[in-house]
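Undergrad: If you scroll down you'll find the structure; I have some questions about it.
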Amino acid sequence: MADILLCGGTTRSGLDCAVELANSESRCVVAGRSAPPDSVLSDETRPILYEHVDFADPNSVDALCTALNSKSYDIKDCIFFQRARSEDVIEGMQVAIAASDRIISALHEQLSRNAGSIIFIGSVLVDKVGVDQTLSYHVTKGAVRQAVRYFAVKLGPDGIRVNAINLATLKHSVNEKGYEAGTPLADIADKVTPLRRSVESGDVADAITFLRSPQARAITGHELTLDAGLGCVSQVSSILQALD
């Protein structure tokens with residue numbers, strides 16, 4: 001049974017994706033500061049295992065790496081959801097980049113043996129500015145873009161593919177009430193996005209499934225954008241449609 005490691009996969013969209021991805025052929029190992037609900041961990045039809053880690057603490061990351069190599073895991077794919085919630089840029093880089101680098105290095109043998117893949121969860125703000133997000137958020141998402149390219153080149157000869165999924169506003173199990181019909185976010189999605197819909201955790205899980213599949217065997221160093229087509233619409237048009 002191949003294992004999927006989801007870093008930062010214990011809450012929000014990361015946990016939603018773990019629930020979608022875990023099945024009889026793939027166990028999901030979710031790593032984060034807080035354990036998922038017992039109802040998730042006890043569901044035998046969707047095997048999900050938990051490892052504790054604080055991505056802001058290098059020693060905690062090292063302990064996770066030791067656990068991933070000393071236990072009976074067989075990691076084929078590694079998905080990086082984690083992000084720092086603080087405004088500290090140094091902490092943000094530790095969480096998003098330094099921790100990922102350490103984990104990739106520790107799992108290199110497993111990933112190479114399994115011809116595996118690495119997927120970073122990025123943001124459409126990689127080349128834009130969101131006034132509601134911090135400097136740390138913008139800097140780390142920009143760094144993720146370059147990290148994807150770096151690892152794609154470095155790990156490609158070992159048969160490991162590295163890609164990113166860039167997200168716009170995402171509907172997940174924690175914020176879904178904010179997307180109910182008639183709410184501002186739902187109205188904006190219905191009016192502005194070409195597909196007239198929000199992007200949901202299930203869409204992210206489907207994109208992960210594709211990028212880790214044999215159908216994506218020639219894809220590496222790529223950024224797949226999930227925004228329901230919003231990036232195709234000019235900012236002025238988006239504003240006018242939202243106000244209409």
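Undergrad: Given a 1.4 angstrom probe, I'd like the percentage of the accessible area of region 9-105 that is carbon and sulfur, rounded to a whole number.
TA: In region 9-105, the share of accessible area belonging to carbon and sulfur is 46 percent.
Undergrad: Tell me which aspartates and glutamates have Cα within less than 13 Å of Lys154's Cα, excluding those fewer than 8 residues away on the same chain?
TA: Asp101
Undergrad: Follow-up question, since we're still on this one. Can you list the trypsin sites (Lys or Arg not before Pro) in region 62-151 that are in a DSSP coil and have 16 or fewer other beta carbons within 10 angstrom?
TA: Here the trypsin sites (Lys or Arg not before Pro) that fit, given the DSSP loop and packing criteria, are Lys71, Arg85, Lys128.
Undergrad: Between Ala98 and Cys232, what is the spin-label point distance in nm, taking each point 7 Å from the Cα along the Cα→C-beta axis?
TA: Each label point is offset 7 Å from its Cα along the Cβ direction, giving 4.2 nm.
Undergrad: Also, I was wondering about something else. If DNA, RNA and ligands are ignored and the probe is 1.4 Å, what is the ranking of Ser201, Ser24, Ser34 by accessible area, most exposed first?
TA: In descending accessible area the options line up as Ser24, Ser34, Ser201.
Undergrad: May I pose another question? For the chain, what is the calculated [θ] at 222 nm in deg cm²/dmol (nearest 500), taking -39500 (n - 2.57) for each run of four or more DSSP H residues and dividing by its residue count?
TA: That comes out to -11500 deg cm²/dmol.
Undergrad: Could you do me a favour and compute the accessible area per residue for region 22-77, 1.4 Å probe, result in Å²?
TA: 52
Undergrad: Sequence neighbours fewer than 8 away in the same chain don't count; with that in mind, list the aspartates and glutamates whose C-alpha is under 15 Å from Lys71.
TA: The qualifying aspartates and glutamates are Asp3, Glu51, Asp62, Glu109.
Undergrad: Could you tell me how many degrees, from 0 to 90 and to the nearest 10, lie between the Cα long axis of helix 12-21 and the main elongation axis, the longest principal axis, of the Cα atoms of the chain?
TA: That works out to roughly 60 degrees.
Undergrad: Also, quick follow-up: Candidates [x] 13.2; [y] 27.2; [z] 23.9; which is the computed mean projected area of the Cα convex hull in nm²?
TA: Only one listed value fits the structure, namely [x].
The values are calculated or read from the model by the stated rules, or taken from the named source; none is laboratory data. Bear in mind the structure is a predicted one, so any value in this text is a computation, not a measurement. Neighbour counts are summed over all protein chains in view; Cβ atoms, including those assigned to glycine, are modelled from backbone coordinates with ideal geometry. Note: accessible area is taken over every heavy atom of the protein model, side chains too, but ligands, DNA and RNA are not part of it. Shrake-Rupley method; radii C 1.70, N 1.55, O 1.52, S 1.80 Å.
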